[in-house]
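The values are calculated or read from the model by the stated rules, or taken from the named source; none is laboratory data. Small disclaimer: the values here were computed from a predicted structure and weren't measured. Note that each Cβ is placed from the backbone with ideal geometry, even for glycine, and that neighbours are counted across all protein chains shown.
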Amino acid sequence: MAAVRRGAGEMNWSRLFRHLMSPHWRVRRSFAPAALRRIEQAIALSETRHGGQIRFAVEHALDTGSLLRGLSARERAVDVFSALKVWDTEHNNGVLIYLLLADRDVEIIADRGIHGRVSGQGWEAICREMESAFREGHFEQGVLSGIGRVSALLEIQYPGGQRGPNELPDRPVVL
């Protein structure tokens, strides 16, 4: 597994306040049930065009303990990658797209099978594009665009669509 993103986060007062003031319902406001269904459908459709596996997870904020320890969004994404077993695919080609809403930070964690085939700049560019859409309030479109870009990379490296059973659920995870 390889993690790609900016440096580790440091606890600061504005970040602590932003996370503490970020309500759970913020995810529902940004991603209505219909939007989550469309994201699930986009993942399922994309996996018919390549042999990779994509998961999307969104979290409204980190808990106080994580913030006090200075846990970065990247570090949290690695934890989520492990918890969701994105690493547990036959060809080690799982990709997690993780969104931490309180920071509007996107992290892409790619398993070793795909990470070694795509440059860090490739993943980083997708993250920046998604974050730009989020700054404009286009959450669903930002995620759909990110899924499309990740899928395009997977199509190059693992062409031909899904061979065999879907190894990971397509349904978005709301943490």
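Among (1) buried (at least 19 other Cβ atoms within 10 Å of the Cβ); (2) in a helix (DSSP H, G or I); (3) out of contact with any strand residue (DSSP E or B) (no Cβ under 9 Å at 6 or more places or on another chain), which single condition is Arg74 missing?
Just one mismatch for Arg74, condition (3).
Are any residues in the stretch 83-136 of a type in the set (Phe, Trp, Tyr) and in a helix (DSSP H, G or I), and if so, which ones?
Once the filter is applied, which keeps residues that are of a type in the set (Phe, Trp, Tyr) and in a helix (DSSP H, G or I), the stretch 83-136 yields Trp123, Phe134.
So, in the stretch 33-56, how many residues would count as being more than 24 Å from Arg112 (Cβ to Cβ) and in contact with a Phe, Trp or Tyr (Cβ under 7 Å, 6 or more places away or on another chain)?
Here the count works out to 1.
Take the residues in the stretch 1-37 that are touching a strand residue (DSSP E or B) at 6+ places or on another chain (Cβ under 8 Å) and either part of a loop (DSSP other than H, G, I, E, B) or farther than 20 Å from Leu175 by Cα (or both), then tell me which one is modelled with the lowest pLDDT.
It comes out as Arg5.
Assuming Ala125 fulfils every condition listed in (1) surrounded by 20 or more Cβ atoms within 10 Å (Cβ to Cβ); (2) within 14 Å of the chain's Cα centre (by Cα); (3) among the hydrophobic types (A, V, I, L, M, F, W, C); (4) more than 15 Å from Leu175 (Cα to Cα) apart from one, which condition is it?
With (1) surrounded by 20 or more Cβ atoms within 10 Å (Cβ to Cβ); (2) within 14 Å of the chain's Cα centre (by Cα); (3) among the hydrophobic types (A, V, I, L, M, F, W, C); (4) more than 15 Å from Leu175 (Cα to Cα) applied to Ala125, the lone miss is (1).
Can you work out which of the residues in the stretch 122-171 that are of a type in the set (Asp, Glu) and under 16 Å from Val86 (Cβ atoms) is modelled with the highest pLDDT? Give the derivation first.
The initial filter retains those residues of the stretch 122-171 that are of a type in the set (Asp, Glu), namely 124, 129, 131, 136, 140, 155, 167, 170.
Restricting the remaining residues to those that are under 16 Å from Val86 (Cβ atoms) gives 167, 170.
Details: Glu167: 88, Asp170: 96.
Per the stated criteria, the residue is Asp170.
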